[in-house]
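Here is the structure we will look at.
The values are calculated or read from the model by the stated rules, or taken from the named source; none is laboratory data. A quick note: this is a predicted structure, and the numbers were derived from the prediction, not measured. Ideal geometry is used to build each Cβ from the backbone, glycine not excepted, and the neighbour counts take in all protein chains shown.
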Amino acid sequence: MISPPRAAIRSARRVARLSAALIALAFFAAPARATIHYTVSLDHPERHLFHVEMEISDPVPGTLVALPAWNALYQIRDFAVRLRQPELILLSSGVIPYGPLRQIDKQTWQIGAPISIDRLAAKAIIRYSIEWDDPGPFDSQLNPHHAFINLAEILMYVPDRRAEDTSVTFENVPAGWNIAAELPSGHDTNSFAAPSYDALVDAPVEIGNFAQFEFDNAGAHFRVIVDAQQTHWSQSTLEDDLRRITGYELQLMGGPPFDTPRKEYTFIFHIGHYADVGGGGMEHANSTAISAESVEAAAAIAAHEFFHVWNVKRIRPRSLESVDYSREQYTDALWFAEGVTDAYTAYTLERSRLWPKDQFYRNLAEQVCDLESRPAHTWQSAEESSLDAWFEKYDAYNAPDRSISYYNKGQILGVLLDISIRAATQNHKSLDDVLRLMNGEYARPGKPYGDSDAIRVAVENVAGKSFQDFFAQYVSGAAEIPYADFFAQAGLALNIRTNQSPGAGFSLTSAKSAATVSSVEPGSAAESASLLPDDVILDVNGKKAPRNMATWLRGLSPGEALDLRILRGSQTVDISFSVETRVDRDCSISELPHPADLERRIRDGILRGSTE
């Protein structure tokens, strides 16, 4: 967890026009008339069902409607599995009925041909319910406490009419609940509008009895929505953290890029009791939704998600543009979009003094240790990891011998690129200049870049030299990284210590009533012996399993035999294997005591975010 030093508290600017009934977070003029309109009822939130009516103006026979197969995560999640009874309830100018809604595939339906063709229909209305009770920021939720909505997870769309004016109205909102969404207000109460389906669903919605505050910083206006118990957060602490983070990143990138008259951005936080256990954040063009256990953790995630308003939302790889909601979209550039954003998360926290430099060094060292501890780093490249992101929903893919993380290696590559650019230019240029160059060449004119190749070209333009070998070896290739050589250029040293300990090759659940296997390490002797998750260990070496078996296992020595009798379902199975030697790495980064002048200047430039 992040434990930032605290500066003087700055009081929030109070804005009286935040209505108790509705908080309409608007930032551009609403369309004059929506051609596709949604009505979402929150009636009986305890049933976890969003009741949706979709009204389509001027439909034609054979019109297709679909529900996205993915959103928020690079995973096909088939939201249609949550759908209840989609039906065509009206398709007419008042009297001319059409045929039924016909399913085409798992996520697509077709409006049937008219029974009578003497008159064209004026509108179609499709009605359905969809069930969600999963905490954000990557899912949607409706329960008696609140509603959180990623709109692409509940709203169907017309594939060939995504660019048309769109609006949504919320009905049966429980008394005392407010609505927050970074969207312009619509014409009706509790309604919001957007110039397209894509713009509408790129704004998460929080509905409930939440806290809120606002502040201005570095030419931008910020709104902060917080769903948390009062004991789990402090407004003054959160505001101070956000001011530091947004102020630094706005200064770094040359001002706010928000497509709004007031340069407005919204943070939605779920903190503490109301947070998803795993935590995380989801970026959007003009807002973010963040789940965290504490204010410190929320601020660290905010540093990442806010940088996404440039890197990935506007500095965007061509392979992700435009979004295809129906199937996977492959890109080799997630190491840059997510991993380099992680590098700037650490830079932001250190340069804004939320982290001391020792914490920055510790975080970078941990990233190196994490990468080196995964056997897959010898064969899977950063680009391959990016392309394989769609496998992340499978537990087997995440095993250390199967994959690396494009977040993890991308963060390391970002720092190494920064050092290399500074070394090539006598510390006159840095990775900051690459991001600003790409912001000017791609983001501001609204043009996507050509994935990893375009990143390399931008780096070369800034550094004034070829980076072909760097990208061939460490980005598209999986060559071992010579950390000592790279870090020495910044007056730093990487220190790796290895510790040996006994390794049983499996973990147990925390339940004390039975020794139940929770996971088995890939490639371990336990896996080779066919030990499986959910196996219950009855006997060990001919004796009843120890009451605290996890502690007992830590006292074993490498080479000792383990003869286990396990209960698997209703069967008793005997398996045997030996305790292995586990090698743990402990990494740290230290400053060289007598660096050369350029090495010291590069190190200082990285820590301060400066060039000469």
- Message: List the residue pairs whose Cβ atoms are under 7 Å apart, where the first residue sits in segment 372-390 and is more than 22 Å from residue 521 (Cα to Cα), the second is part of a helix (DSSP H, G or I) and not aliphatic (A, V, I, L, M), and the two are 6 or more positions apart or on different chains.
- Response: 382/335; 382/406; 382/409; 382/410; 383/335; 383/452; 386/335; 386/406
- Query: How about segment 385-402: which of its residues are touching a helix residue (DSSP H, G or I) at 6+ places or on another chain (Cβ under 9 Å) and surrounded by fewer than 21 Cβ atoms within 10 Å (Cβ to Cβ)?
  - Reply: 387, 388, 391, 392, 397, 398, 399, 400, 401, 402
- Item | Every residue from segment 121-162 that is within 22 Å of residue 323 (Cβ to Cβ), assigned to a loop (DSSP other than H, G, I, E, B) and of a type in the set (Gly, Ala, Ser) | 136, 140
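Yes or no, residue by residue, for (1) closer than 19 Å to residue 309 by Cα; (2) surrounded by 20 or more Cβ atoms within 10 Å (Cβ to Cβ); (3) without any contact (Cβ under 8 Å) to a residue 40 or more places away in the chain:
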| residue | (1), (2), (3) |
| --- | --- |
| 427 | no, yes, no |
| 435 | yes, yes, no |
| 445 | yes, no, yes |
| 471 | no, yes, yes |
| 476 | no, no, no |
| 481 | no, no, no |
- Message: Considering only segment 279-296, I want to know if a residue exists there that is outside the structural domain of residue 432 (by TED's automatic domain parsing), in contact (Cβ under 8 Å) with a residue 12 or more places away in the chain, assigned to a helix (DSSP H, G or I) and not basic (Lys, Arg).
- Response: yes
- Message: Can you list the strands (runs of 3 or more DSSP E) lying wholly within segment 164-232 that have 2 or more residues being among the acidic types (Asp, Glu)?
- Response: 211-217
- Item | Yes/no for residue 68 being at pLDDT below 70 and either within 30 Å of the chain's Cα centre (by Cα) or over 26 Å from residue 180 (Cα atoms) (or both) | no
- Task: Would you kindly identify the helices (runs of 4 or more DSSP H) lying entirely within segment 321-388 that contain at least 3 residues that are among the charged types (D, E, K, R)?
- Result: 341-351, 357-372
- Note on the structure: Checked segment 482-497 for anything in contact with a helix residue (DSSP H, G or I) (Cβ under 6 Å, 6 or more places away or on another chain) and either of a type in the set (D, E, K, R) or not in a strand (DSSP E or B) (or both); matches are 486, 489, 490, 491
- Message: Could you go through segment 236-259 and let me know if any residue there is at pLDDT below 95 and either among the aromatic types (Phe, Trp, Tyr) or touching a strand residue (DSSP E or B) at 6+ places or on another chain (Cβ under 9 Å) (or both).
- Response: yes
- Query: Considering segment 168-216 alone, what residues qualify as being more than 30 Å from residue 250 (Cα to Cα) and among the charged types (D, E, K, R)?
  - Reply: 171, 188
- Query: Can you name the condition, by its number, that residue 227 falls short on among (1) surrounded by fewer than 21 Cβ atoms within 10 Å (Cβ to Cβ); (2) out of contact with any Ser or Thr (no Cβ under 9 Å at 6 or more places or on another chain); (3) more than 23 Å from residue 350 (Cα to Cα)?
  - Reply: (1)
